[in-house]
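The values are calculated or read from the model by the stated rules, or taken from the named source; none is laboratory data. Bear in mind the structure is a predicted one, so any value in this text is a computation, not a measurement. Backbone-built Cβ (ideal geometry, glycine too); neighbour counts: all protein chains shown.
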Amino acid sequence: MTIAVTCAIVRGELQYGIVRLPDGPKRGKYTARVTQILRALHCLPVTEQASDRYAEIRRAVELAATPLDDNDLWIAATALSLGAILVTRDSDFSRITGLVIEDWSRPV
């Protein structure tokens, strides 16, 4: 059975996307959509296992000289610690060994 979840880091990124927009129709539309999505998903906290994976991933990208945004590292670490598929269209995640990615924005 597939269960769709998100993590606290993604939730924060989505909320940041809202608060940085000026008041207006675009912000209202984005707020409504994000609220709908977050209501449908269980939000997981950052766990000790994710923290351990974060350290490993951060060191690996450091050694490979292919840095990633810190929040992206946390998101990847959470997915890896859960054995989960990361749904994203951000190709930067493909640099993380062992991370399974699906891009739902492209037609199948």
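Taking the range 1-22 on its own, how many of its residues are exposed (fewer than 12 other Cβ atoms within 10 Å of the Cβ) and at pLDDT below 95?
First, the residues of the range 1-22 that are exposed (fewer than 12 other Cβ atoms within 10 Å of the Cβ): 1-4, 16, 19-20, 22.
Adding the requirement that they be at pLDDT below 95 leaves 1-4.
So the count comes out to 4.
Is there any pair with a first residue in the range 92-108 that is on the phi < 0 side of the Ramachandran plot and among the basic types (Lys, Arg) and a second that is surrounded by 13 or more Cβ atoms within 10 Å (Cβ to Cβ) and not in a loop (DSSP other than H, G, I, E, B) whose Cβ atoms are under 8 Å apart and which are 6 or more apart or on different chains, and what are they?
Matching pairs, first to second residue: Arg95/Val61.
Give the residues of the range 52-108 that are exposed (fewer than 14 other Cβ atoms within 10 Å of the Cβ), in a helix (DSSP H, G or I) and hydroxyl-bearing (Ser, Thr, Tyr), sorted by residue number.
Across the range 52-108, the qualifying residues are Ser91, Ser94.
If you scan the range 23-34, which residues turn out to be surrounded by 13 or more Cβ atoms within 10 Å (Cβ to Cβ) and either within 23 Å of Asp70 (Cβ to Cβ) or of a type outside the set (Phe, Trp, Tyr) (or both)?
First pass over the range 23-34, keeping only residues surrounded by 13 or more Cβ atoms within 10 Å (Cβ to Cβ): 27, 30-31, 34.
Listed by number, the residues that qualify are Arg27, Thr31, Val34.
Mind listing whichever residues of the range 82-108 are over 14 Å from Val10 (Cβ atoms) and of a type in the set (Ser, Thr, Tyr)?
Ser91, Ser94, Thr97, Ser105
May I ask you to say which residue of Ala76, Ala50, Ala60 is touching a Ser or Thr at 6+ places or on another chain (Cβ under 9 Å), of a type in the set (Gly, Ala, Ser) and within 16 Å of Ile9 (Cα to Cα)? If you could, list the steps in order and put the result at the bottom.
Working: Ala76 fails: touching a Ser or Thr at 6+ places or on another chain (Cβ under 9 Å); Ala60 fails: within 16 Å of Ile9 (Cα to Cα).
Just a single option satisfies the conditions, and that option is Ala50.
Quick test of your reading of the structure: Val10 fulfils all but one of (1) in contact with a Lys or Arg (Cβ under 8 Å, 6 or more places away or on another chain); (2) closer than 19 Å to Ser94 by Cβ; (3) not assigned by TED's automatic domain parsing to the domain that holds Ala84. Name the failing condition by number.
(1)
What do you reckon, is Tyr54 of a type in the set (Ser, Thr, Tyr) and in the same structural domain as Gly83 (by TED's automatic domain parsing)? If you could, list the steps in order and put the result at the bottom.
Values: of a type in the set (Ser, Thr, Tyr): yes; in the same structural domain as Gly83 (by TED's automatic domain parsing): yes.
Yes.
Tell me which residues, restricted to the range 14-45, are touching a helix residue (DSSP H, G or I) at 6+ places or on another chain (Cβ under 7 Å), assigned to a helix (DSSP H, G or I) and within 19 Å of Thr78 (Cα to Cα).
Leu14, Leu38
Please go through the range 7-40 and pick out each residue that is closer than 23 Å to Glu102 by Cα and touching a Ser or Thr at 6+ places or on another chain (Cβ under 9 Å).
If the condition is that a residue be closer than 23 Å to Glu102 by Cα and touching a Ser or Thr at 6+ places or on another chain (Cβ under 9 Å), then Cys7, Ala8, Ile9, Val10, Leu14, Ile37, Leu38 are the ones that fit.
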